[in-house]
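This report refers to the structure that appears directly beneath it.
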Amino acid sequence: MGTQEFHIVGMISHLGPQMGVADGVALGNLLKKNPHVTAVFTGDGASSEGDFHESINVAAVWDLPVIFVIENNGYTVSVRPVRTVSLQTIY
Ligand SMILES: Cc1ncc(C[n+]2csc(CCOP(=O)(O)OP(=O)(O)O)c2C)c(N)n1
């Protein structure tokens, strides 16, 4: 669900792909010089997806006004992160 009235973009997936959409919104705001910050939310499971890393990288390279919020609730659906992520912590 999304609404232009409140600047909420409809979700295409709650995983990596939505982060690329957030980059696009942030880039639009940057180019138009709008003083807006884009926030996007996902979970620890998304950190295993390619889109996750690509989105964070391009946001850093282009200095995009975007905040990535990663909720680590200890599960990727029913799988513990120790089986999907090689790091001890996900920040
Ligand atoms: C792009 C995409 N890939 C795969 C899926 C299938 N999928 C649904 S939930 C999920 C894991 C989500 O893990 P996490 O982000 O930790 O969320 P939580 O388990 O806490 O709900 C996956 C791989 C999906 N919905 N979208």
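Only one of (1) within 13 Å of the ligand (Cβ to nearest atom); (2) surrounded by 10 or more Cβ atoms within 10 Å (Cβ to Cβ) fails for S78. Which number is that?
Condition not satisfied by S78: (2).
Against the conditions (1) part of a helix (DSSP H, G or I); (2) surrounded by 13 or more Cβ atoms within 10 Å (Cβ to Cβ), where does N57 fall short? Just the number, please.
The failed condition is (2).
Does Q4 fit the bill of being free of Cβ contacts under 8 Å to residues at least 40 places away in the same chain, exposed (fewer than 14 other Cβ atoms within 10 Å of the Cβ) and either within 12 Å of the ligand (Cβ to nearest atom) or not aliphatic (A, V, I, L, M) (or both)? Outline the logic, then answer.
Numbers: free of Cβ contacts under 8 Å to residues at least 40 places away in the same chain: yes; exposed (fewer than 14 other Cβ atoms within 10 Å of the Cβ): yes; either within 12 Å of the ligand (Cβ to nearest atom) or not aliphatic (A, V, I, L, M) (or both): yes.
Here the answer is yes, as Q4 does meet what is asked.
Scan region 23-50 for residues that are modelled with pLDDT of 95 or more, hydrophobic (A, V, I, L, M, F, W, C) and assigned to a helix (DSSP H, G or I) and jot them down.
V25, A26, L27, L30, L31
Of everything in region 63-74, what is in a loop (DSSP other than H, G, I, E, B) and either more than 12 Å from the ligand (Cβ to nearest atom) or surrounded by 13 or more Cβ atoms within 10 Å (Cβ to Cβ) (or both)? Give them in sequence order. Walk me through how you get there before you give the answer.
Restricting attention to region 63-74, the residues satisfying the condition of being in a loop (DSSP other than H, G, I, E, B) are 63-65, 72-74.
Hits for region 63-74 are D63, L64, P65, N72.
Looking at region 23-51 only, could you name the residues that are within 16 Å of the ligand (Cβ to nearest atom), touching a Gly at 6+ places or on another chain (Cβ under 9 Å) and under 19 Å from P65 (Cα atoms)?
T42, D51 - these are the residues of region 23-51 that are within 16 Å of the ligand (Cβ to nearest atom), touching a Gly at 6+ places or on another chain (Cβ under 9 Å) and under 19 Å from P65 (Cα atoms).
Are any residues in region 75-89 in a loop (DSSP other than H, G, I, E, B) and farther than 17 Å from H14 by Cα, and if so, which ones? Reasoning before the result, please.
Within region 75-89, the first condition is being in a loop (DSSP other than H, G, I, E, B), and the residues that meet it are 75, 77-78, 80, 84-89.
Listed by number, the residues that qualify are R80, T84, V85, S86, L87, Q88, T89.
Tell me, yes or no, whether region 15-22 has at least one residue that is more than 8 Å from the ligand (Cβ to nearest atom) and free of Cβ contacts under 8 Å to residues at least 12 places away in the same chain.
no
Restricting to region 47-62, count the residues that are closer than 13 Å to A22 by Cα and charged (D, E, K, R).
The number of residues fulfilling the criteria is 2.
The values are calculated or read from the model by the stated rules, or taken from the named source; none is laboratory data. Only a predicted model underlies this, so the values are computations on that prediction, with no experimental measurement involved. With ideal geometry, Cβ positions are generated from the backbone for all residues, glycine too; neighbour counts draw on all protein chains shown.
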